Every structure is written in structure tokens, then in C-alpha cells.
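Q: Could you have a look at this structure, given as C-alpha cells, before my questions?
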Amino acid sequence: MTFLQKLLNAIKDAKTIAIFTHKDSDHDCICSGLALQRIIKQFGKDSTLFVEKTPSAGILRIVGEQKYETVSNKQFDVGICVDCSEITRLCDENMKVFLASKTKFNIDHHQDNKNFADFNYVKRGMSSCCEVLFWLFKSKIKLDYELAKFLYSGMYMDCGAFTYSSVNDKTLKCASELIKHCKDVNDNFYVCFGVVGEENFQVTKRAFESVRLYEKGQIAVSILRKKDFEEFKAKRSDGKFMASYLQNIRGVKIGISISEDAENEWRVSLRTACEGVNVSNIAHRFNGGGHVRASGLTLKGDIEKALHALIQESKKELNR
Ligand SMILES: [Mn+2]
């Protein structure tokens, strides 16, 4: 029996279905979750979507108001993880609910997926989990505006607006199918991501001023502190474009952007456009995860000490 048949049978037999997204959610995981919820609805079933916390304002602007759960004591018949490479990508509360589910499914696109569920469907290196869902369900579903919008948006954001190396002819074929049903979606992206506020501009300016270079300019790091965000009334997501920018500086092989999330807790984004460098190796050494070209992790404690350790691991990856 194929994965799809097993999943469809499980959905058919289930009274309760839950969908799970990873910590520090991004567009791809939220859009995958919402798209899967809509797909399951087409098979006549309701499902509950679990998140760590309410998605960021940027994500909400694209997907609109939706219903999410964060905790539950209920045991679900079917639990489906989307866009999660391993079970620790779920926050503790969500993980408990997933583990208690009677039958567990895992649908993902990460290279390093651990096949942690009873049934796993992993298309390693595909542009996004949204694209995985599109091809998986293509023959069984009817695309409508909302479903196409979720799938297209998650895919668009996870492949850097079709600029990453994960993009191939299949990705563009998927995009072309989807956009027929949501023609205005690119205008939405401009309004939501092309236009930035004063607070975003100010905090980005601060991030540029903070840039440090290591290893003869092969590693570039920007650091934003809690007080920087507070000063400009900016959100952490306002500074997140830095890592992608840093990797574009000639000679830089690893771009690192660091934002202080809570007191002495630092959220780190790693990017590389350099052939042969795999930033997920660095992320894994700090219990983070992600992709070859884009990964994330959390550091705790004194930033200079933590940064030193991070630079050491980055050097190792450059010399690997
Ligand atoms: Mn993803």
C-alpha cells in the first residue's frame, strides 16, 4: 500500500485528526498545516492544527485569521507532522499530543528527516513541504483559491521566491498550476513583504552597523539585542532579512544573524550560498536544524562566549 493510501484510509477511519507544525513556525509549516487541514476537509473530516504559539504577524497577513491549538489532553486517532525533520522540532506541549496519537504520519522535505513516525513521506531537498503536499495529493483534490494560496505562499517563502537551489522545473510546474487559482497572490506578497515600516528599517540599519567579520571575511555575523528591538518597537522578524543579505557579500561563505529573543536567549539564522558548505551541520551541533543552505538554532547565555563556540563550529564546517 502506498503512503497516500495508508493516510487516506487512516483519515477515513479516524474520529479525531491533529496536524502538527514545528517550533518558531515559518510560512512553509503554517501554510502546510492549513493546506492539509483544507485537504482533509475535502475528504469530509475536521482536524485540529497545533502550533507552538500564534504565528507571526507576517504569516497572519498572508493566511488570515485561523484557529490554532497549543495544548491538549485529548488522544487523537491520527497525528500528522508537517515540515518537521525530527520530533524535537515540535515544542514540548505539541510533542506530547503527537506522541499520544494512535497512528503517526510525517510529511516533510528536509534532507535530514529522521523518519520518526509510523509512516513517513519525505521528499528530501524538495523546495518546501507545501510542494510535497501538492504532488502527494494532486490527483485526489480540487484546488480552490484558499488551498492554492496556502500552498503557493508556503512554497514561495521556503525557496526564497524561487531563487534557491531547491527550485527546479517541477517546482515551477507546481507554482504554475497553483497560481492559476490565486492570481492576486503576488500582489499580496509585495504589500506584505515588499513594503517595510520605519521600525523595520531602523532595526535593519542597527543590524548592519553590528556586522562583524571572521576568518578573513568568510563568516559575517550581525547581532541584534533585545534593547534594539525595544528601542524601535520592532519585532524579531523585522531583523530576519540579515542572514540572507550577509551571505551575498563577496567572499562571505556563511552569513549568521543573531537576535536576542529573551534575556540571554539568542535565535540564530545561518545561510550559505557556497557550494560544499552545509549550515545544517553547524545547526545540529547546537540542537538546531534545517537545510543545507538555511538553518537555525538557539544559543543561551553570554553572547560573546556563545558566539565564540558558534564561530569555532563554523570554521570546522568551512574546513571540512
Ligand atoms: Mn519547510
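The values are calculated or read from the model by the stated rules, or taken from the named source; none is laboratory data. Quick caveat, the model's predicted, so the values are computed rather than measured. Here the Cβ is made from the backbone with ideal geometry for all residues, glycine too, and neighbour counts use every protein chain on show. Please note that ligands, DNA and RNA were not included when accessible areas were found on the heavy atoms of the full protein model with its side chains. Shrake-Rupley method; radii C 1.70, N 1.55, O 1.52, S 1.80 Å.
Q: I need the P(r) histogram for the chain: all alpha carbon pairs, bin width 10 Å from 0 out to the longest distance, whole percents.
A: Result returned by the calculation: 6, 26, 34, 24, 9, 1.
Q: Let me ask something additional. Rounded, prolate or oblate: pick one for the range 198-319, where a ≥ b ≥ c are the square roots of the eigenvalues of its C-alpha gyration tensor, a/c under 1.5 means rounded, and failing that, prolate if a/b is larger than b/c, else oblate.
A: Verdict is prolate for the range 198-319.
Q: Compare the peptides 74-80, 91-97 by average per-residue count of other Cβ atoms within 10 angstrom and give them in order, highest first.
A: By packing density, highest mean first, the sequence is 74-80, 91-97.
Q: Can you order the peptides 164-176, 48-60 by their average number of other Cβ atoms within 10 Å per residue, highest first?
A: Going by the mean number of other Cβ atoms within 10 Å, highest first, we get 48-60, 164-176.
Q: List the residues whose amide H sits under 5 Å from the amide H of Leu49, counting only those 5 or more places along or on another chain, with H placed 1.01 Å from N in the peptide plane.
A: Those lying under 5 Å, H to H, from Leu49 are Ile19, Glu69.
Q: Also: So, counting K/R as plus one and D/E as minus one, what does the shell of residues with Cβ under 13 Å around Gln42 add up to?
A: Every neighbour counted, the sum reads +4.
Q: For the range 3-192, what is the Kirkwood hydrodynamic radius in Å, using each pair of distinct C-alpha atoms?
A: Its Kirkwood hydrodynamic radius stands at 16.3 Å.
Q: When DSSP beta bridges are limited to those with both residues in the chain, what percentage is antiparallel, rounded to the nearest 5?
A: 45
Q: Please go through the residue pairs Lys96/Lys316; Lys123/Lys173; Lys142/Lys235; Lys226/Lys316; Lys23/Lys300 and name each one whose alpha carbons sit more than 26 Å apart in this structure.
A: Distance filter (> 26 Å) returns Lys96/Lys316; Lys142/Lys235; Lys226/Lys316.
Q: Then there is this: What's the local net charge at Val71, with K and R +1, D and E -1, over the other residues with C-beta under 12 Å away?
A: Net charge in that neighbourhood comes out at -1.
Q: Also, I was wondering about something else. Provide the per-residue ³J(HN,Hα) series for the range 249-254, in order, calculated from phi with Karplus coefficients 6.51, -1.76, 1.60 and θ = phi - 60°, each as a whole number of Hz, with x at glycine and proline positions.
A: Result, rounded to whole Hz: 5, 4, x, 7, 9, 10.
Q: Using the alpha-carbon atoms, what tilt in degrees (0 to 90, nearest 10) does helix 27-42 show relative to the longest principal axis of the chain?
A: Compared with the principal axis, the helix lies near 10 degrees.
Q: Now for a separate question. Of all accessible surface on the range 198-319 at a 1.4 Å probe, what whole percent is carbon and sulfur?
A: 48
Q: Now for a separate question. What number comes out for the charge environment of Lys138, summing +1 per Lys or Arg and -1 per Asp or Glu over other residues with Cβ under 12 Å away?
A: Its environment carries a net charge of +2.
Q: Let me ask something else. Quick one: which of Lys114/Lys183; Lys53/Lys114; Lys149/Lys170 span more than 28 angstrom between C-alpha atoms?
A: Beyond 28 Å: Lys114/Lys183.
Q: Check which residues have an amide H placed less than 5 Å from Thr103's amide H, if you skip close sequence neighbours.
A: Long-range HN contacts for Thr103: Val78, Gly79.
Q: For the range 190-202, what does the Karplus curve 6.51 cos²θ - 1.76 cosθ + 1.60, with θ = phi - 60°, yield as ³J(HN,Hα) per residue in whole Hz, taken in order and with x for Gly and Pro?
A: After applying 6.51 cos²θ - 1.76 cosθ + 1.60, I find 4, 5, 7, 10, x, 9, 10, x, 3, 5, 5, 4, 5 Hz.
Q: So for each of 230-236, 100-106, 152-158, 275-281 I average, over its residues, the number of other beta carbons within 10 Å; can you give me the resulting order with the highest mean first?
A: 152-158, 100-106, 275-281, 230-236
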